[in-house]
Amino acid sequence: MSHIFPRHTKATLPTIEKGEGVYLYDTNGKKYLDGSGGAAVSCLGHSDPDVIKAIKDQIDAVPFAHTGFFTSKPAEMLADKLIEHAPEGLDRVYLVSGGSEAVESALKLSRQYFLEIGEPSRHRIIARRQSYHGNTLGALAAGGNIWRREPFAPLMIETSHISPCYEYRDRKPEESAYDYGQRIANELEAEILSVGADQVMAFFAEPVVGATSGALPPVEGYFRRIREICDKYGVLLVLDEVMCGMGRTGTLFACEQDDISPDILTVAKGLGAGYQPIGAMLCTDKIYRAIENGTGFFQHGHTYMGHPTASAAALAVLTKLTDGGLAERSRQMGEKLRTGLQNAFAKHPNVGDIRGRGLFIGLEIVKDRDTKTPFDPSLAKGKLLKKATFEAGLICYPMSGTIDGVHGDHILLAPSFIIEDQH
Ligand code: PLP
């Protein structure tokens, strides 16, 4: 028996042996179609020769050098290429090892920014109930998943949670999608006023909600209103694109489709595409200059930040997404897959909603399609579906969880962008 400490101590999982294109193979020779890229990570499949070569070349040259002593070409080139394609106004890139680190960095940068500009009372964050921002304590505090938060609540910073933009469940029949989005976005203004604008430093949101909601996109106009409210009260808008960024929704950054730019943006998962662990926090010049012209030191950092080998991998990935047209391919193949699913399940009594953008697609599983009634939580339908599809050789990312007291079963599909029709 191995001494490894697994996540699920009672589960016996197959051992992975090989990855090839969109397939994974275990040590028993069983083949799996990777329909979710883990959790929206493997956007280029499992054997991309260009990314593998970039990693090998960098390891041959120098695998690691600490950012306290050196900068590196791959880290600088990655930052430049990210900014070349980033939403307007984002100007600086802080490289870390994954999503939670990127979100923690965003939290601490928000706080330090307000200290630097002489607004020390701003320390509170607002986020949304249906959200996941990572598992480290700051990121967990931002997230709204009750099940994940509950055991660690005494350790977490105080956060306010407003409603998610969840048209399928919450739009009133007499309301247009646009009006619904405005009404829900206005909850942010009410919450800022209730906490006190001089206390609030940032609003955190995933443009397309991933792990807690199965690829839930906002309605038209929602994020423009959110941007307006943040500007009105001097609150930073932090968009968490750890899951939905890097071409997953059919554009390199998900917020491009909502016509807004954040003050801070986080990415991870698809940035390294599973070839290396890497994440990034992007911020505006205004925030960067506040630190440069103030203490001159961002009081945060990790040993592996700006890791040369991880950066070389991410640069190769990013080149394929942009110059190689793979982000656009995510849009095209996503439309095809979503339409196919909508046709296939048009009358299925237990498929309530099929939604998403690009190759980021969610199916909401319900007990009754007409009334949208969820299944009894004790049935854990999402988990049963995961088991059944896995046994059949298809990997998808299910979710059965209690969010804000409402039970939801979702399946998230996020295959790699090299997926073909026959798959
Ligand atoms: N933010 C979002 C939106 C995520 O989906 C995740 C992970 O699922 C994270 C942050 C945390 O990323 P990581 O698991 O790399 O720490």
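Bear in mind that the values in this text are calculations on the coordinates, not laboratory data. Note that the structure is a prediction, hence the values are computed from the model and not measured. As a convention, Cβ positions derive from the backbone with ideal geometry for all residues, glycine included, and neighbour counts pool all protein chains shown.
Annotations
- Per-region count, the range 165-189, residues under 22 Å from the mean Cα position of the chain (by Cα) and of a type outside the set (Gly, Ala, Ser): 7
- Residue in the range 243-262 that is over 14 Å from the mean Cα position of the chain (by Cα) and either within 16 Å of the ligand (Cβ to nearest atom) or farther than 19 Å from Glu206 by Cβ (or both) present: yes
- For the range 11-108, the helices (runs of 4 or more DSSP H) that sit wholly inside it and include 2 or more residues that are touching a Phe, Trp or Tyr at 6+ places or on another chain (Cβ under 7 Å) and within 16 Å of the ligand (Cβ to nearest atom) are 37-40.
- Among residues of the range 108-126, those that are of a type in the set (A, V, I, L, M, F, W, C) and surrounded by fewer than 24 Cβ atoms within 10 Å (Cβ to Cβ), counted: 4
- Filtered residue count, the range 58-84, keeping only those that are within 20 Å of Asp263 (Cβ to Cβ) and touching a Ser or Thr at 6+ places or on another chain (Cβ under 6 Å): 0
- Flag for Ile226 being of a type outside the set (Asp, Glu), away from the ligand (no atom under 16 Å from the Cβ), under 26 Å from His123 (Cα atoms) and crowded, with 24+ Cβ neighbours inside 10 Å: yes
- Residues of the range 127-162 satisfying the condition of being surrounded by fewer than 19 Cβ atoms within 10 Å (Cβ to Cβ), among the hydroxyl-bearing types (Ser, Thr, Tyr) and touching a strand residue (DSSP E or B) at 6+ places or on another chain (Cβ under 7 Å): Thr159, Ser160
- Filtered residue count, the range 247-287, keeping only those that are surrounded by 18 or more Cβ atoms within 10 Å (Cβ to Cβ) and either farther than 30 Å from Ile52 by Cβ or aliphatic (A, V, I, L, M) (or both): 22
- From Pro207, Pro217, residue being within 16 Å of the ligand (Cβ to nearest atom), more than 19 Å from Ala141 (Cα to Cα) and surrounded by 15 or more Cβ atoms within 10 Å (Cβ to Cβ): Pro217
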